[in-house]
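To start, the structure under review is shown below, and the notes come after it.
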Amino acid sequence: MTEYYAISATGYDIGSNSIASALDHQRRTTVAQMERMLVKPTDEYIFSKRGHMVRNRALLAAMTNKQSNEDGTLSDEEITWLTRRAKDGFGIVTTAASHVSELGKGWVGEMGVWSDNHIEGLTKLASNLKQHGSLSLVQIFHGGMKAPFEINNVIPACPSKMMNESTGKLLARALDNAEIYRLIEEFSDAAKRCEDAGFDGVEIHGAHSYLISQFLGLKTNRRKDEFGGSLENRFRFLKEIILSIRNKTSENFLVAVRISPKIGTIGISIEESLEVTKMLCEMDIDMFHLSCWDAFEELEGGQNLTKLFKPLVPETIAYASTGAIWSTADANWLMDQGADFVGVARVGIANPDWAQGLADSDYNPKRPPFTRDELAAADLSPVFIDYMTMWKDFVQD
Ligand SMILES: Cc1cc2nc3c(=O)[nH]c(=O)nc-3n(C[C@H](O)[C@H](O)[C@H](O)COP(=O)(O)O)c2cc1C
């Protein structure tokens, strides 16, 4: 980035050169720093590479809601829930995690994008989101070893064979090389369907221990071929998915990627995630999304995750971060750490108009638990409300 300096607008009348330079030294700041201080969550954002404009920095993060039909098609309830968040002002609306392969399904009621039969419902949703002014993303994923036998009737698959060490039970078989290449095609076929349906882009779900993160994780990927071993090889699955999506979709289709900074259980460390981020940001992606769960978590030396990853994300790529954001003060703080987009999940469930609330600097909406009536008023169906009872202290029964 070219660094040049600007004097802050304090109204000082600079008299002599020496005073000017002393004052200038005190007050000058890089333009990038000034921009960050001035940018607010209510400000517009333009995806510089493709020209899409977003009306504000509020991003509804992907949320599984169990409302899809058995065959993965969207239900009216799911369309209503997401449309409401667009109507009430979110800049970006992301769908729930949606499986790209028939056998990649992780749970009942999951949205699917693996068949052309899904396009009709996707088209209706994309059209609603656009009509209400939100930029729309479908989150695409595959459960891998978390696509259970009970759901798919086949043994789950993972980069490497996984056993339960205490019971000796087979948890997942290893994918063969040809299957991996087929999966890459399935990811990009799914993205193409999303584009055909009218979505602005996809978010590739490389977080939370599903198939893509199983490739990245040292414990779940012990392969010896081009998809295992070095981090560069473990990154290859994600890299090939991005390349394949870019090949099959048009130039202005947005590609976002979400990763987790650390997942001990499958062998993902912060150090390696920083390297993955570097490799990702050298590719033609539009948004990098860090899933923190708790953005306020203090790392060694007083550091936080959002700030730690920020220097790796160039200005040409939007930076979204998510985790435990609730108030306008929280959103401002996240942007001060370097985020371009403030991702939220739980606060957007009870507050569809959260993005509008950000115009008030004191906005700090009520926290859970919420009554069933409150959630129904926010356009959650009984199925979704029942699911939310699984999230500790969210629903007041
Ligand atoms: C009900 C629910 C469902 C979720 N489903 C997904 C999902 O499908 N994909 C995903 O990447 N994250 C999912 N998440 C995680 C959220 O996107 C988000 O990262 C997390 O909840 C932290 O943000 P919050 O503190 O604003 O809730 C889900 C979270 C919730 C509460």
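Quote the Stokes-Einstein diffusion coefficient, in whole µm² s⁻¹, for the chain, based on the Kirkwood radius over alpha carbon pairs, a temperature of 10 °C and a viscosity of 1.306 mPa s. The Stokes-Einstein estimate is 72 µm²/s.
The alpha-carbon of Lys169 sits under 19 angstrom from the alpha-carbons of these lysines, leaving out residues fewer than 8 places away in its chain: Lys146, Lys161, Lys219.
The sum of -39500 (n - 2.57) across all DSSP H runs of n ≥ 4, divided by the residue count of the chain, sets its helix-only mean residue ellipticity at 222 nm to -10000 deg cm²/dmol.
Legend: residue pairs Lys105/Lys239; Lys40/Lys130; Lys49/Lys307; Lys66/Lys310; Lys49/Lys310, Cα-Cα distance threshold 26 Å; pairs beyond threshold, Lys66/Lys310. Using the Cβ-Cβ distance between Ala178 and Thr316 with R0 set to 35 Å, the FRET efficiency works out to roughly 0.50. Here the Karplus relation 6.51 cos²θ - 1.76 cosθ + 1.60, evaluated at θ = phi - 60°, turns the backbone of region 370-381 into coupling constants of 10, 7, 4, 5, 4, 6, 5, 5, 8, 6, 9, 7 Hz, with x for every Gly and Pro. Assign one of three labels to region 224-263, namely rounded, prolate or oblate, based on the Cα gyration tensor with a ≥ b ≥ c the square roots of its eigenvalues; rounded applies when a/c is under 1.5, prolate when it is not and a/b is larger than b/c, and oblate otherwise. Verdict is oblate for region 224-263.
At a 10 Å Cβ-Cβ cut-off, how would you order Lys146, Lys130, fewest neighbours first?
Result, fewest neighbours first: Lys130, Lys146.
Our coupling estimate for region 385-397, obtained by passing each phi through the Karplus curve with A = 6.51, B = -1.76, C = 1.60 and θ = phi - 60°, is 4, 4, 4, 5, 5, 6, 8, 3, 6, 8, 10, 9, 9 Hz, Gly and Pro reported as x.
Remark: spin-label model distance Met390-Phe296 equals 2.7 nm, labels positioned 7 Å along the Cα→Cβ axis. Residue-wise HN-Hα couplings along region 43-52, as the Karplus relation 6.51 cos²θ - 1.76 cosθ + 1.60 with θ = phi - 60° gives them from phi, are 7, 6, 9, 10, 6, 4, 6, 10, x, 5 Hz; Gly and Pro carry x.
In terms of other Cβ atoms within 10 Å, Glu315, Glu240 run from fewest to most in the order Glu315, Glu240. When +1 charges are put on Lys and Arg Cβ atoms and -1 charges on Asp and Glu Cβ atoms, the dipole computed for the chain relative to its Cα centre reaches about 580 debye. Each part gets one Cα centre, and for region 135-150 versus region 67-101 those centres are 14 Å apart.
Computed extension gain for Lys169 through Ile155, at 0.36 nm per residue and net of the alpha carbon distance, reaches 3.9 nm.
Full extension of the chain segment joining Asp71 with Trp107 gains 11.8 nm, where the gain is 0.36 nm per residue of separation less the Cα-Cα distance. Taking amide H as placed 1.01 Å from N in the peptide plane, the amide H of Phe341 sits under 5 Å from that of Tyr319, Ala320, Ser321, each at least 5 places away or on another chain.
By count of other Cβ within 10 Å, fewest leading, how are Ser136, Ser230 ordered?
Sorted ascending by nearby Cβ count, the order is Ser230, Ser136.
None of the figures in this text is laboratory data; all of them are computed from the coordinates on show. The shown structure was predicted, so the numbers you read here are calculated from the model rather than taken from an experiment. Glycine also receives a Cβ, built like all others from the backbone with ideal geometry; neighbour counts cover every protein chain displayed.
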